[in-house]
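Inspection log for the structure reproduced underneath, given as structure tokens.
The values are calculated or read from the model by the stated rules, or taken from the named source; none is laboratory data. The shown structure was predicted, so the numbers you read here are calculated from the model rather than taken from an experiment. So basically every Cβ, Gly included, is an ideal-geometry build from the backbone, and we count neighbours across all protein chains shown. Quick note on the areas: whole protein, heavy atoms, side chains included, nothing else; ligands and nucleic acids left out. Shrake-Rupley method; radii C 1.70, N 1.55, O 1.52, S 1.80 Å.
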Amino acid sequence: MAETVDDKVSYFQAVTGISDADLCTEILAAHNWDLQLAVSSITANPSPSASASTSSRGDPAPSAPLSADAEFVAPPPPPPMQLPLPPQQQQPGIAWRLVTLPFYVVSGGVGLVAGTFRLGAWVAGGVLSRSLSLLGLAGQAGSGDRLLELPPSAAEAADFVAEFAREFGAGRGPSFVAEGFADALQRAQREFKLLFVYLHSPDHPDTPAFCGGCLCAEPVAAFIDENFVAWGGSIRRTEGFKMSNSLNASRFPFCAVVMASTNQRIMLLQQVEGPKSPEEMITILQRVVEECTTSLVAARIEAEERLNNQRLREEQDAAYRAALEADQARERERIEELERREREAAEAERKRKEDEEALARAAQEAAEKEAALARRRQEKAMALGAEPEKGPGVTRVLIRFPTGERKERRFHSSTTVTSLYDYVDSLDCLKAEKYSLVSNFPRVTYGPEKHSLTLEEAGLHPQASLFIEIEQ
């Protein structure tokens, strides 16, 4: 138990920079030996999960799990010694009250002022953004994204990147990614690189020299950017503090190199604790890179093979879909052609039947018409009676047809002109139904108005020569 207590006291001293071991022991005891709660009270930036932390914490193992689906893989450590709770709650002494009173007063006032300022800035930003959008001056895309909150882990990482740039200069040091640890680990896995982790302890006396002299050294920063994905976090914040526990950080400044392993586990490859010169840091990192090059190359080759296989499957699937679509298109065309031919055949059959029906109707009508003409000729012939013999009261009439055919007959002079038309109708020499009988010299047309005249009255006695004029 003594070793466990000493480890907690040493860790608390390394984080807070308080050199008095008795005072550190008294602070830890006042917080039930909860490291996170004790550190949060000193740094005046308690994490959101501090109130939910357990009352007792053993030494973190090198392979402690980071989350439900990610944990470190490392050789098993010696069995940790459990730290039981003290039998009674110790009350903080006078030294503790004297030390923590300024922190509580100052942190409370600063927190109130900072909260008021952040609220006012948020409201002002929202009003300004809304006003610009109404006036049409805001950007078309992404104008409202500034008001969207980042995930807590990404926000902490972005704050760390901004604080590091303010303190040690913009553009200096490794290019830390502004995203949570899990996202940074996935980025490293996608890029087939190792993940360089830096845990920042702002209160440690060696931190400024290490950051300015080692991390911000151009060779170190260039080597890290070329071979690693860099992620940093402050131990004052939630994820940084959890990572310090998971990585078993006992000395600061603290760096580590990790990589993703199988089954959603994380492998700890190297820990770098305490101050280091740029040359020492490059030597350590170079050795880690050389040791892991084979596995990274194998992972890259395996990923490329998976990608090629996936691309090949996609191409095969695309070719299969294209062939299937072509077959389906041909089948549709075949069916459409078959349907078109069936429609054409049906249309031709319908037209043939209509033509046959029309021909049958025409033949029937022609037959009926011919029968009607035959009956008419018969009736007209019967109405004429027998042809009279030559005599004084008999008129001889010659009729010429349009075909050049001539017909001659004798009529009684008292017969009307209608008898002449009946005679023409009784002959099978004229198909027209509307016609007139006309004389040449003088030209006289014997139309309906003269049908009632006798042949003598019409001037056709004793003989006459007439021709047939077809009416249009």
Identify all residues within segment 217-233 that are open to solvent by less than 10 Å² (accessible area, probe 1.4 Å) and not aliphatic (A, V, I, L, M); write none if there are none.
Phe228, Trp231, Gly232, Gly233
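So which of Glu379, Glu471 is touching a Lys or Arg at 6+ places or on another chain (Cβ under 9 Å) and open to solvent by 60 Å² or more (accessible area, probe 1.4 Å)?
None of the others qualify; the one that does is Glu471.
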Would you tally the residues in segment 11-31 being open to solvent by less than 60 Å² (accessible area, probe 1.4 Å), over 17 Å from Pro202 (Cβ atoms) and either touching a His at 6+ places or on another chain (Cβ under 8 Å) or of a type outside the set (A, V, I, L, M) (or both)?
4
Does Ala165 satisfy being of a type in the set (A, V, I, L, M, F, W, C), surrounded by fewer than 18 Cβ atoms within 10 Å (Cβ to Cβ), assigned to a helix (DSSP H, G or I) and out of contact with any Leu (no Cβ under 9 Å at 6 or more places or on another chain)?
yes
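Quick grid of which residues meet (1) at pLDDT 95 or above; (2) within 39 Å of the chain's Cα centre (by Cα); (3) in the same structural domain as Gln13 (by the TED database):
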site: Arg187; (1), (2), (3): no, yes, no
site: Asn245; (1), (2), (3): no, no, no
site: Asn248; (1), (2), (3): no, no, no
site: Ala256; (1), (2), (3): yes, no, no
site: Ala260; (1), (2), (3): no, yes, no
site: Leu268; (1), (2), (3): no, no, no
Quick check on my filter: what residues within segment 392-404 are assigned to a loop (DSSP other than H, G, I, E, B) and within 16 Å of Ser439 (Cα to Cα)?
Phe401, Pro402, Gly404
All positions within segment 415-472 that are of a type in the set (Gly, Ala, Ser) and out of contact with any strand residue (DSSP E or B) (no Cβ under 9 Å at 6 or more places or on another chain):
Ser426
For segment 194-229, how many residues meet the condition of being free of Cβ contacts under 8 Å to residues at least 24 places away in the same chain and either of a type in the set (Phe, Trp, Tyr) or within 18 Å of Glu290 (Cα to Cα) (or both)?
2
So Ala432 clears everything in (1) over 25 Å from Pro388 (Cβ atoms); (2) open to solvent by 50 Å² or more (accessible area, probe 1.4 Å) except one condition, right? Which one?
(2)
One residue from Phe192, Phe223, Phe210 being out of contact with any helix residue (DSSP H, G or I) (no Cβ under 7 Å at 6 or more places or on another chain) and under 22 Å from Leu268 (Cβ atoms):
Phe210
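Conditions tested, residue by residue: (1) in the same structural domain as Phe228 (by the TED database); (2) within 25 Å of the chain's Cα centre (by Cα); (3) open to solvent by 90 Å² or more (accessible area, probe 1.4 Å).
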{"position": "Ala319", "(1), (2), (3)": "no, yes, no"}
{"position": "Ile335", "(1), (2), (3)": "no, no, no"}
{"position": "Leu338", "(1), (2), (3)": "no, no, no"}
{"position": "Arg341", "(1), (2), (3)": "no, no, yes"}
{"position": "Glu344", "(1), (2), (3)": "no, no, yes"}
Can you tell me which residue is most open to solvent (accessible area, probe 1.4 Å) among those in segment 435-452 that are among the hydroxyl-bearing types (Ser, Thr, Tyr) and under 27 Å from Pro392 (Cβ atoms)?
Ser452
Quick check, is Glu191 of a type outside the set (A, V, I, L, M, F, W, C) and more than 24 Å from Val15 (Cβ to Cβ)?
yes
Within segment 351-361, is there a residue that is assigned to a helix (DSSP H, G or I), within 30 Å of Leu427 (Cα to Cα) and open to solvent by 80 Å² or more (accessible area, probe 1.4 Å)?
yes
Which number in (1) of a type outside the set (A, V, I, L, M, F, W, C); (2) open to solvent by less than 90 Å² (accessible area, probe 1.4 Å); (3) free of Cβ contacts under 8 Å to residues at least 24 places away in the same chain; (4) in the same structural domain as Glu226 (by the TED database) marks the one condition that Glu302 misses?
(2)
What is the one condition in (1) touching a strand residue (DSSP E or B) at 6+ places or on another chain (Cβ under 7 Å); (2) closer than 19 Å to Thr207 by Cβ; (3) not in a strand (DSSP E or B) that Val288 does not satisfy?
(2)
Could you list, in sequence order, all residues of segment 168-216 that are β-branched (Val, Ile, Thr) and surrounded by fewer than 21 Cβ atoms within 10 Å (Cβ to Cβ)?
Val177, Thr207
If you go through segment 270-283 one residue at a time, do you hit one that is assigned by the TED database to the domain that holds Glu163, modelled with pLDDT under 90 and either closer than 24 Å to Glu163 by Cβ or in a helix (DSSP H, G or I) (or both)?
no
Among the numbered criteria (1) open to solvent by 30 Å² or more (accessible area, probe 1.4 Å); (2) under 18 Å from Ala386 (Cβ atoms); (3) touching a residue at least 60 places away in the same chain (Cβ under 8 Å), which one does Leu455 miss?
(1)
Determine whether Arg400 is surrounded by 10 or more Cβ atoms within 10 Å (Cβ to Cβ), within 30 Å of Ala458 (Cα to Cα) and either in contact with a helix residue (DSSP H, G or I) (Cβ under 7 Å, 6 or more places away or on another chain) or among the β-branched types (Val, Ile, Thr) (or both).
no
Of the residues in segment 264-284 that are touching a residue at least 40 places away in the same chain (Cβ under 8 Å) and either under 11 Å from Pro219 (Cβ atoms) or among the polar types (S, T, N, Q) (or both), the one that is surrounded by the most Cβ atoms within 10 Å (Cβ to Cβ) is Met281
